[in-house]
Amino acid sequence: TDREGPGGFFGSLGREGNPDFRTLLADRIHRHFFNDGALTPAALENRLNLRMREIADSLVAESARWNQRTPASWEGAAATIRTQLFPRRTASLLGQLRARGLYPSFDPPKFDVRGGTVASGFRPQLSAPSGTIFYTVDGSDPRLPGGAVSPAAKPWTADAVTVESDVTLTTRVRSAAGGWSAL
């Protein structure tokens, strides 16, 4: 783009250019916006609560010193953030990222059990509303740089994997047009 600085650099990599960068960005967005990630409403509220506790004593002293907002008004502002901003902001921002082409229009596969320990013989079930789910069992990415399907990746079928020992199942959806979901 003709913009200088990080914004221009980001724009040229994200919206206009590099599909590998967009995929990496989608992976990071998915990591933080879903599955207890740092930008889910619960995680945001936990951080706000922590910060409110950290500043509680200082807030009383500063309020008295400057005759400004009272601790009750800070609590009221925090309650508004908890009930009005946090429940909607993650979904709203995700929609904005999708509209700008910075996050795929389709979701990654959904697992019936996400992470953790399962019994030997467990058969994970995956679903996606459209496209083909590709998976690997060695932790490698089903998508190669440049967008091709990895030789280690296989298309998902209902009984594709039976867990008998430690395994790292890595998945993506590939759309009919060749685009990839986040991990």
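Considering helices alone, the calculated mean residue ellipticity of the chain at 222 nm is -13500 deg cm²/dmol, with DSSP H runs of length four and up weighted by -39500 (n - 2.57) and normalised per residue. The value obtained for segment 115-158, namely the Cα convex hull volume divided by the number of residues, is 104 Å³ per residue. Computed in the context of the full set of protein chains, the accessible area of the chain at 1.4 Å probe radius has 55% of its extent on carbon or sulfur. Computed across segment 138-183, the Kirkwood hydrodynamic radius from all distinct Cα-Cα pairs reaches 11.7 Å.
When all protein chains stay in place and ligands, DNA and RNA are ignored, the 1.4 Å accessible-area order of 60, 173, largest first, is 60, 173. Free of any GluC sites (Glu not before Pro) that DSSP assigns to a loop and that have at most 10 other C-beta atoms within 10 Å, the longest stretch within the chain is 17-163. Segment residue 40..residue 52, full-extension length gain: 2.5 nm, with 0.36 nm per residue of separation and the alpha-carbon distance subtracted.
The distance between label points at residue 113 and residue 164 comes to 1.7 nm (points 7 Å beyond Cα on the Cα→Cβ vector). Sorting 80, 171 by solvent-accessible area of protein heavy atoms yields 80, 171, largest first, with a 1.4 Å probe.
Using the Kyte-Doolittle scale, which helices in the chain average at least -0.5 and also have C-alpha atoms spread 18 Å or more along the helix axis, with helices defined as whole DSSP H runs? Flagged H segments are 41-66, 86-99. Near residue 172, the amide H atoms lying under 5 Å from its own belong to 134; only residues 5 or more places off or on other chains count, and H is placed 1.01 Å from N. Under 5 Å from the amide H of residue 143 lie the amide H atoms of 150, each residue being 5 or more positions distant or on a separate chain, with H modelled from the backbone and absent for Pro and chain starts. Springs join every pair of Cα atoms under 10 Å in this Gaussian network model of the chain, and among 23, 136, 168 the largest mean-square fluctuation is at 168.
Spin-label model, residue 28/residue 96: points 7 Å from Cα along the beta carbon direction are separated by 1.7 nm.
Solvent-accessible area per residue in the chain equals 62 Å², computed with a 1.4 angstrom probe and all protein chains kept.
The values are calculated or read from the model by the stated rules, or taken from the named source; none is laboratory data. What you are looking at is a predicted structure, and each value in this text was computed from that prediction instead of being measured. Here Cβ is always computed from backbone atoms with ideal geometry, including for glycine, and neighbour counts include all displayed protein chains. Surface accessibility is based on the protein's heavy atoms, side chains included, excluding ligands, DNA and RNA. Shrake-Rupley method; radii C 1.70, N 1.55, O 1.52, S 1.80 Å.
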